1. In the range 133-172, how many are surrounded by 16 or more Cβ atoms within 10 Å (Cβ to Cβ), more than 33 Å from the chain's Cα centre (by Cα) and not in a strand (DSSP E or B)?
2. Asp153: of a type in the set (Asp, Glu) and more than 19 Å from Ile170 (Cβ to Cβ), yes or no?
3. Quick one: in the range 78-120, of everything that is within 20 Å of Ala150 (Cβ to Cβ) and of a type in the set (Val, Ile, Thr), which residue is surrounded by the most Cβ atoms within 10 Å (Cβ to Cβ)?
4. Pairs needed: first member in the range 89-106, within 18 Å of Val76 (Cα to Cα) and among the β-branched types (Val, Ile, Thr); second member anywhere, modelled with pLDDT of 90 or more and assigned to a strand (DSSP E or B); C-beta distance under 9 Å; at least 6 residues apart or different chains.
5. For a quick check of your reading of the model, give me the residue pairs whose first member lies in the range 40-53 and is farther than 23 Å from Asn77 by Cβ, whose second is modelled with pLDDT under 95 and in a loop (DSSP other than H, G, I, E, B), with beta-carbon atoms closer than 6 Å and at least 6 apart or on different chains.
6. Please work out if Met89 is outside any strand (DSSP E or B) and either farther than 26 Å from Val42 by Cα or not basic (Lys, Arg) (or both).
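The values are calculated or read from the model by the stated rules, or taken from the named source; none is laboratory data. It should be emphasised that the depicted structure is a prediction, and the values quoted were computed from it without experimental measurement. Counting neighbours? That spans all protein chains shown, and the Cβs are built from the backbone with ideal geometry, glycine included.
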Amino acid sequence: MADFPTNPVNGDTHVIASSTWEYYLSTDRWEIQDTSGVPQTVNTLLQTITWSAGDNNVVSNPIIYSNYASLIITYVNVLGNTSNSSFKMCKPHQVVGQLDCINPRTYADGEGIMTMNGTQTINASSGTSISVINLNGTEVTTSHSNTIGADYDPITFGWTTGAFAAGGSIEIRGISLQIQPNSLESLSNVHTTVPTDGQVLTWDNTNSYWKPDDSGGSSPEIIGGHFTTIDDAGTAIQSLGASLANKKVLVTRQNAHGSQLLTANASGQISVVHGSSSDPETWYWQSVI
């Protein structure tokens, strides 16, 4: 299972398989949003770029590549004004003012003034690219690597020599996977009776389904917090309050995998083992009262 991101902020989401989790700062925990949704492909138009005759290059808006599984660039009637030239797309170079460029299709001599159409599909995580370009009726597939920069970098389009001729456009789309939420009543084992305010979901063993019902008592309260230990490789005693006397407490050390289920003593205290580092360690805890 994929690890949850470290140091999340309120509202962050994380997808595992077909479920989406959201981080809530108020409780310092991740909560599942949807257990039965199916990831759906979402195609988002990011920008359509046009130009004027004589423009040497055009630059896209900044792109957050990590928001997308892939980018699809569609070239429509792209044309240069110099015959011995090749079309290029570029990302910012590590040196300010320089660019790293690839040719979605390499032109032969005299082909720069031929109309170019086609698509370029870029894997947003790896930067690999496959271009299927039709140049004056001849289609060629070309592969490249390392074609995009970091988040918020733009893409520059232009020519090895010369400039754009009039007409044409370049469309950039981001392809992402999103989960469409499902309602409870869409599940086969949930009764469709409309609930009233304050009712809870209760299992009906006779009919083998879940249904809304009046609550038999007060709902349990989930409480939590965090504390810091500074002992070096030793046991630290932390008081969580008398209300947690003899209660089960789930404890997680920051930036560590897994959690511990501890039992508070009669005074509401728990014991945790500080790591080998002399640096302070932050612990997060939750319990139900």
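1. 4
2. Numbers: of a type in the set (Asp, Glu): yes; more than 19 Å from Ile170 (Cβ to Cβ): no.
Against the criterion (of a type in the set (Asp, Glu) and more than 19 Å from Ile170 (Cβ to Cβ)), Asp153 does not qualify.
3. Ile102
4. So the pair list comes out as Thr106/Val140; Thr106/Thr142.
5. From residues that are farther than 23 Å from Asn77 by Cβ, the pairs are Gln40/Gln180.
6. Values: outside any strand (DSSP E or B): no; either farther than 26 Å from Val42 by Cα or not basic (Lys, Arg) (or both): yes.
Considered against the rule, which asks whether it is outside any strand (DSSP E or B) and either farther than 26 Å from Val42 by Cα or not basic (Lys, Arg) (or both), Met89 comes out as no.
So that you can scan it fast, the table gives a plain yes or no per residue for (1) surrounded by 11 or more Cβ atoms within 10 Å (Cβ to Cβ); (2) β-branched (Val, Ile, Thr); (3) more than 37 Å from the chain's Cα centre (by Cα); (4) modelled with pLDDT of 80 or more:
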| residue | (1), (2), (3), (4) |
| --- | --- |
| Pro220 | no, no, no, no |
| Leu250 | yes, no, no, yes |
| Gln260 | yes, no, no, yes |
| Gly268 | yes, no, yes, yes |
